[in-house]
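Colleague: Quick one: this structure, given as structure tokens, is what I'll be asking you about.
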Amino acid sequence: MIGQWLREDRNASYLLVVLRLWLGYEWLMAGWHKLGGFDASGFLTGAVAKAGGEHPMVQTWWANFLEAFAIPNAGLFNFLIPWGEIAVGLGLIFGCFTVLAVFFGMVMNFAFLFSGSTSSNPNMLIVEIIVLFGAANAGKIGLDHWVQPYIAEWFAKRRQKAAA
């Protein structure tokens, strides 16, 4: 019932735009503050260290991923994290590719949580789940109002060409 209201009701779209703007601002500011001097290697190394001991904060499989892939490619993460946060923030603020933006925001929140960093991640995840439940309605007051019909039309034309 609440899911249907979030997906279909015009009043829900007003609530979703408020939540979307807050999330977008949080992501944009997080990325903005990381531009020009962010180094993920210390965070990644610290996360691996949290995998040991009697009560580890980081699961072994995640620590193995960080050691085998993330730490050797820290330069890639130094680029992806700030620019990913900025892209998610802008997508949410402008309501453009809203579902995609909130999905990638959730991916980053979970990565930070898996790495043993609580911070604002649980709060953001709760709001992201609400926005994700709203799906297309979350971007109706935003650029998705124009972008989604254009994309649907583009896919329909491609299907028609493939069928012909």
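Colleague: Of the options GLY84, ILE130, ILE141, report the single residue whose Cα projects farthest towards the positive end of the charge dipole of the chain (beta-carbon charges: Lys, Arg +1; Asp, Glu -1).
Modeller: Result: ILE141, furthest along the dipole toward the positive end.
Colleague: Tell me, what ³J(HN,Hα) does each residue in the stretch 68-81 have, in order and in whole Hz, if you take phi through Karplus 6.51 cos²θ - 1.76 cosθ + 1.60 with θ = phi - 60° and put x for Gly and Pro?
Modeller: In residue order, the calculated couplings are 7, 10, 5, 5, x, 10, 4, x, 4, 5, 4, 8, 5, 5 Hz.
Colleague: Can I ask one more? Given the options TRP32, TRP22, TRP154, state which has the largest fluctuation in a GNM of the chain using a 10 Å cut-off (strictly under) for Cα springs.
Modeller: Maximum fluctuation in the GNM of the chain, among the listed residues, is at TRP154.
Colleague: Using the 10 angstrom Cβ neighbour count as an exposure proxy, how do ARG158, ARG20 rank, fewest first?
Modeller: Details: ARG158 10, ARG20 28.
Going from sparsest to densest Cβ surroundings: ARG158, ARG20.
Colleague: Run through all the Cα pairs of the chain and give the fraction in each 10 Å bin from 0, expressed as whole percent.
Modeller: Each 10 Å bin holds this share of Cα pairs: 11, 32, 28, 20, 9, 1, 0.
Colleague: In whole Å, how far is the Cα centre of the stretch 103-164 from that of the stretch 46-74?
Modeller: 28 Å
Colleague: Please give, to one decimal in nm, the separation of the simple spin-label points placed at TYR25 and PHE103, each 7 Å out from Cα toward the Cβ.
Modeller: Distance between the two pseudo-spin positions: 2.8 nm.
Colleague: Then there is this: Between SER119 and GLN160, what's the calculated FRET efficiency when r is the beta-carbon distance and R0 is 35 Å? Round to 0.05. Please list the in-between numbers first.
Modeller: Details: r = 48 Å, r/R0 = 1.37.
Taking R0 as 35 Å, the efficiency between SER119 and GLN160 is 0.15.
Colleague: Then there is this: Just subtract the alpha-carbon distance of VAL18 and PHE110 from 0.36 nm times their residue separation and send over the number in nm, one decimal. Please list the in-between numbers first.
Modeller: Values: separation 92, 0.36 × 92 = 33.12 nm, distance 2.26 nm.
This chain segment gains 30.9 nm when fully extended.
Colleague: While we're on this one: If neighbour count is taken as other Cβ atoms inside 10 Å, put ASP144, ASP39 in order from fewest to most.
Modeller: Working: ASP144 22, ASP39 12.
Fewest-to-most Cβ neighbours within 10 Å comes out as ASP39, ASP144.
Colleague: Hey, got the dipole for the chain? About the Cα centre, +1 on K and R Cβ, -1 on D and E Cβ, debye to the nearest 20?
Modeller: In total the dipole reaches around 620 debye.
Colleague: Further question: Report the one residue of LEU23, ALA68, ILE93 whose Cα lies farthest in the direction of the positive end of the charge dipole of the chain (charges on C-beta: Lys and Arg +1, Asp and Glu -1; origin at the Cα centre).
Modeller: The one lying farthest along the dipole's positive direction is ILE93.
Where a number appears in this text, it was derived from the coordinates with a stated rule and is not lab data. Being a predicted model, the structure only gives us computed values, none of them experimental. Heads up, the Cβs are rebuilt from the backbone with ideal geometry, glycines too, and the neighbour counts pull from every protein chain shown.
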